[in-house]
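Peer 1: Sharing a structure, written as structure tokens. Questions coming.
No lab work stands behind these numbers, since they all come straight from the coordinates. Worth saying up front: this structure is predicted, and the values here are computed from it rather than measured. Don't worry about glycine lacking a Cβ; one is built from the backbone with ideal geometry, like all the others, and counts go over all protein chains shown.
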Amino acid sequence: MNRYTTIRQLGDGTYGSVLMGRSIDSGELVAIKKMKRKFYSWDECMNLREVKSLKKLSHANVVKLKEVVRENDQLYFIFEYMKENLYQLMKDRNRMFPESSIRNIMYQILQGLAFIHKHGFFHRDMKPENLLCMGPELIKIADFGLAREIRSRPPYTDYVSTRWYRAPEVLLRSTNYSSPIDLWAVGCIMAELYTLRPLFPGSSEVDEIFKICQVLGTPKKNDWPEGYQLSAAMNFRWPQCVPNNLKTLIPNASGEAIHLMRDMLQWDPKKRPTASQVLRYPYFHVGQALGTPQQVEQGKQQRDMQLKHSAHQMKPIPPAHPPPLHYLHPTARSLQQMQPPQHPMCLQKPNLLPDALNRSEQEKLHQNLLPTINVKLFHTTGPDHSGAYTPSFLKKEVGSAGQRVQLAPLMETNSSKYKGPAQLNYIWSPVT
């Protein structure tokens, strides 16, 4: 340990304390976890779950174990340094996170978790304190002291994870649980990111189940038969609760977010999606760049390259020809009647871009480059059969299309005696 200097203590737990340190060689900041118990051989050290799991896991959203040092029967883990944990990040907030930040935090947690599960481990102690951050932009899963291999055989110890994030099958003392307990915890963490308050703050194991029932409602026996078997084995009587609307409890969450949380917070672990499945939910597919700052920057560079490549592949648009004279001189244009609508009360909107204009002329029209344009209107037959749009109505319609115009009627065929289609021609005069 003479290659590191310690700066200050960061935390203290059941199994060890964590110190902030610095590498003497590189000057790099590190986190040093000093184990409380003594280790008298390397074999003893290598059998630790934290070492066995982290040796196999290298991912942008999993904290990196840089080195293991055994000195004077004392064991030290040297980790990459992270500024804070997610609990501290939430505690120091004076306002809610925007949903875009929550989405990116959740994406990184689930990316790391999917990687852990894919490589045969589940964490068993997912909670905000075990998610290390460099602000909301970078999240890494840490503290694998309770991690288990998925393929390892039960029974497992019943007391795992901090109570507020503990899955119901663990609260009911199942010894046959697996990776779905991590998804339950992530659902609790997601809700807490929206409200900055724990979703199920139980004061005991029994109170924790009551708190879950108050939000999700009491499960029906046919929805989770294994849960009723577990509760019967421990003589637990279910409280009778109706479900609360998650949207009411978490009003700042989008519909997609509520859908995702509801699926992760299923009573029956078999009904919870896997971490990989969750990443395919609509919540994560909204056109937002997601991932670590490095991944977001790489994605931006790739998109820029694709756009640049696409621009090279596009054929140049030929220059526009001047519009024919009859577009600029309304009186040279004959009136064009169109078919009346099917129903006498039906009101058709005016065609603000005449079909006769080519693409470049239409673009010029939108850009106010054509000084005056004759706009043809098609008729309507109103209750009084007058049949024509009034200038004020047309002006309002044109204005709703984002154009500021002055309208001057050129010619009008409109009479109470005239029962057929009526037309008005106007000059379209852009107002600058």
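Peer 1: Please give the Cα centre distance for region 166-230 versus region 6-22, rounded to the nearest Å.
Peer 2: If you average the Cα positions of each part, the centres end up 31 Å apart.
Peer 1: Then there is this: Using r as the Cβ-Cβ distance of K221 and Q9, and R0 as 41 Å, what FRET efficiency do you calculate, to the nearest 0.05?
Peer 2: The value I calculate is 0.25.
Peer 1: Relative to the Cα centre, what is the charge dipole magnitude of region 181-247, using +1 at the beta carbon of each Lys and Arg, -1 at the beta carbon of each Asp and Glu, and rounding to the nearest 20 debye?
Peer 2: Rounded to the nearest 20 debye, it is 280 debye.
Peer 1: Could you sort the peptides 38-46, 213-221 by per-residue average Cβ neighbour count (10 Å cutoff), highest mean leading?
Peer 2: By packing density, highest mean first, the sequence is 213-221, 38-46.
Peer 1: Okay, moving on. Using just the C-alpha positions of region 2-94 as equal point scatterers, what log10 of I(q)/I(0) does the Debye formula give at each q in 0.12, 0.21, 0.26 1/Å?
Peer 2: After summing over all Cα pairs, the log10 values are -0.41, -1.19, -1.49.
Peer 1: Starting with the highest mean, order 200-210, 73-83 by the number of other Cβ atoms within 10 Å, averaged over the residues of each peptide.
Peer 2: Averaged packing, sorted descending, gives the order 73-83, 200-210.
Peer 1: Among 163-170, 289-296, 192-199, how do they line up from the highest to the lowest mean number of other beta-carbon atoms within 10 Å?
Peer 2: 163-170, 192-199, 289-296
Peer 1: Project the alpha carbons of region 49-96 onto their principal axes and report the range along each, largest first, in whole Å.
Peer 2: Between the extreme Cα coordinates on each principal axis of region 49-96 lie 46, 25, 17 Å.
Peer 1: Could you work out the Rg to Rh ratio of region 84-298, with Rh taken as the Kirkwood radius (inverse of the mean 1/r over all Cα pairs)?
Peer 2: Reported Rg/Rh (Cα atoms, Kirkwood Rh): 0.95.
Peer 1: To continue, here is another question. Would you please classify the overall shape of region 66-137 from the alpha carbon gyration tensor, given that a ≥ b ≥ c denote the square roots of the eigenvalues, rounded means a/c under 1.5, and beyond that prolate means a/b larger than b/c while oblate covers the rest?
Peer 2: Judged from the Cα gyration tensor, region 66-137 comes out oblate (a/c at least 1.5, b/c at or above a/b).
Peer 1: Which percent, nearest 5, of DSSP beta bridges in region 84-298 are antiparallel?
Peer 2: 90 percent
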